[in-house]
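Every number in this text was worked out from the coordinates using simple rules, so none of it is lab data. Just so we're clear, the structure is a prediction, and the values are computed from it rather than from any experiment. Neighbour counts run over all protein chains shown; Cβ positions are idealised from the backbone, glycine included.
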Amino acid sequence: MSVIAERAARRRTFAIISHPDAGKTTLTEKLLLFGGAIQLAGTVKGRKADRHATSDWMALEQQRGISITTSVMQFPYNDCIVNLLDTPGHEDFSEDTYRTLTAVDSALMVIDAAKGVEARTIKLMEVCRLRDTPIVTFVNKLDREGRPPLDLLDEVEKVLGLQCTPITWPLGMGRDFKGVYHLLEDRFYLYSGDKHRVSEIETIDGLSAPGLEERFGALYRQLRDEIELLQMAGAEFELDEYRAARLTPVFFGSAINNFGVRELLNGFTAWAPPPQFRHARTPDGERDVQPDEDKFTGFVFKIQANMDPKHRDRVAFLRVCSGVYRKGMDIHSVRLDGPVRVSNALVFMAADREAVEEAYPGDIIGLHNHGTISIGDSFSEGETLGFTGIPNFAPELFRRVILKDPLKAKQLNKGLDQLSEEGATQVYRPIINNDIILGAVGVLQFDVVQYRLRDEYKVESVFEPVQVHTARWVESDDERKFREFRDKNDARLAHDHYGQLVYLASSAVNLNMTRERFPDVRFVETREHG
Ligand code: G4P
């Protein structure tokens, strides 16, 4: 096996998907703790008070600041190098969250035992399904009274369409939580409720070990009944089914009490897929780029403005798809068709940034730039290729931008173009007037854009509501029909930042009627970048 293949095979690149409050932050801290990346839990990000003040810029700034050091966390565990990609913590959906999921090979789903499958989890699962991303499930907060475990599994199966295979099973819950039984190891892990105990946990081997009945009574009998039910249902763990995203192994625990996290991490690192091939367009058609290819390739899935806006310095997050990145190496931007020198690329460790020496498939590197790199850009050692599958999402919220000082139109346009390249917002320019309409997936995005226009581009602007319900990219193979469509609908058409034509529907009814009237026109909801 080549060095690249060997290194790639050890990478596990993943993100956590969950509904706010299920315990993503807590679990992230504990994963880092078990991975030895941090000494003390509690360093990942500001707590509640900061996170809810979403309209307060201080909070935004803090979020940006903090998330830049923790957007990607790398730590070794067992024989693996684990890359955990953080998705923004605030309650709004943002396109960053979606795109981050295009850069991972698998995901960890955290569910609150009392709440089950919640709205945001459903939405994130839809995104995972686009690429058949394998999912490991952690049911959290077993130290609190929750719903019966069988109910929870049933809900995951029905709502998310994933078959569940429990790997651990709870012995009691809430005040009576006594631990979990590991079905594959045939071993009990007992819970002491002591947050500080990371290593010594009492274990008992064997489902029928002597003394269990006396010690745990009815709780033990219930566990035996449930295990029997599970075995009858034949929900055995099959690696292929998990890797095909049809089955999810399920672990139970309590993140805040460090309980069940080590078992989760052991299962996760053993089963989660290493970097997979990635689909790319080439001048001759398309090809699958394999991670063990000699030559370096990668794509940018996220861009973040740096801590110091005065320098307008940005960090582009690039996922390595093949080959190896070495410090100081010239890499070729396929879009610009030229080399980009990145002498100071960064690799991400927990709460720390280090200059990267080498990065392998599955790793994320940060590239400093001043606006030369856009989301969706592909990089190589010279080959012309474009990775596919980094989507632009049709936004769900719209605002018209009103400039306070009309003489600043040039700065406004420049700012908006750059911010849209970063993926902070989408910009639409109607074809019949000089309006500028912004689109976003989450409302917080507008606050960020308004603040940054003022702060970085010295442009004061007001955003006002606009009669747009949804946006669809439009295209057609029939040129004559497309022209007719354009002529009849010019009042609702605009160009996006990349010059693509977009239909701005005033309502769901309007969209449906227009669709029916022009059956030869395709109304597209997600578009590839570029
Ligand atoms: P999030 O990132 O998914 O939004 O969740 P986060 O980890 O911030 O956890 C949300 C709340 O749930 C926090 O409490 C956290 O302490 C609690 N929590 C996480 N894991 C467990 C667990 O295993 N058991 C119990 N009982 N609680 C858990 P909070 O009071 O809302 O916030 P804080 O003041 O503790 O930060």
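Between 0 and 90 degrees, rounded to the nearest ten: what's the tilt of helix 261-271 against the longest Cα principal axis of the chain? Helix 261-271 and the main axis of the chain meet at about 70 degrees. Could you point to the residue in 427, 470, 508 farthest towards the positive end of the range 413-519's charge dipole, with +1 and -1 charges on the Cβ of Lys/Arg and Asp/Glu respectively? Positive-most Cα among the choices belongs to 508. If the viscosity is 1.306 mPa s and the temperature 10 °C, what Stokes-Einstein diffusion coefficient in µm²/s follows for the range 378-530 when Rh is the Kirkwood radius over Cα pairs? Estimated diffusion coefficient is 96 µm²/s. Placing +1 on the Cβ of each Lys and Arg and -1 on the Cβ of each Asp and Glu in the chain, which of 101, 298, 315 has its Cα farthest towards the positive end of the resulting dipole? Going by the Cα projections, it comes out as 315.
Charged neighbours of residue 248, selected by a Cβ distance under 10 Å, balance to -1 (K, R count +1; D, E count -1). How much mean residue ellipticity at 222 nm does the chain get from its helices, if each DSSP H run of length 4 or more adds -39500 (n - 2.57) and you divide by all residues, to the nearest 500 deg cm²/dmol? Here the helix-only value at 222 nm equals -8500 deg cm²/dmol. For residue 326 and residue 434, the difference between the fully extended length at 0.36 nm per residue and the C-alpha to C-alpha distance is 34.2 nm. For the range 88-168, the Cβ-based charge dipole about the Cα centre amounts to some 80 debye (Lys, Arg positive; Asp, Glu negative; other atoms uncharged).
Sort 285-291, 467-473 by the packing proxy (mean of other Cβ within 10 Å over each peptide's residues), most packed first.
467-473, 285-291
If only the Cβ of Lys and Arg carry +1 and only the Cβ of Asp and Glu carry -1, the dipole of the chain around its Cα centre is close to 1500 debye.
Relative contact order for the chain: 14 percent, from Cα pairs under 8 Å spaced at least 6 residues apart, divided by residue count.
Helix 119-130: angle to the longest alpha-carbon principal axis of the chain, degrees 0 to 90, nearest 10? With both axes taken from Cα atoms, the answer is about 80 degrees.
With both labels modelled 7 Å from their Cα along Cα-to-Cβ, the residue 487 to residue 204 distance reads 8.3 nm.
Checking the cross-link pairs 24/295; 30/158; 115/178; 408/481; 158/295 against a 32 Å limit on the alpha carbon distance flags 24/295; 408/481; 158/295 as lying beyond it.
With only Cα atoms counted, the range 209-276 has Rg and Dmax values of 15.5, 49 Å. With angles folded into 0 to 90 degrees, how steeply does helix 212-233 sit against the dominant principal axis of the chain? Use alpha carbons for both and round to 10. Taking the Cα atoms of the chain, the angle to 212-233 is about 50 degrees.
Once divided by 2.2 N^0.38 Å, the Cα radius of gyration of the range 118-251 becomes 1.12. Among beta bridges identified by DSSP and lying wholly in the chain, the antiparallel ones come to about 80 percent. The packing ranking, built from the mean of other Cβ atoms within 10 Å per residue, places the peptides 11-18, 219-226 in the order 11-18, 219-226, highest first.
Beta bridges from DSSP with both residues in the range 165-289: antiparallel share about 90 percent, rounded to the nearest 5.
For residue 482, the shell of other residues with beta-carbons less than 15 Å away shows a net charge of +2, using +1 for Lys and Arg and -1 for Asp and Glu. Over the chain, the ratio between the Cα radius of gyration and 2.2 N^0.38 Å evaluates to 1.04.
A simple count of charges around residue 212, restricted to other residues whose Cβ falls under 13 Å of its Cβ and scoring Lys, Arg +1 and Asp, Glu -1, yields 0.
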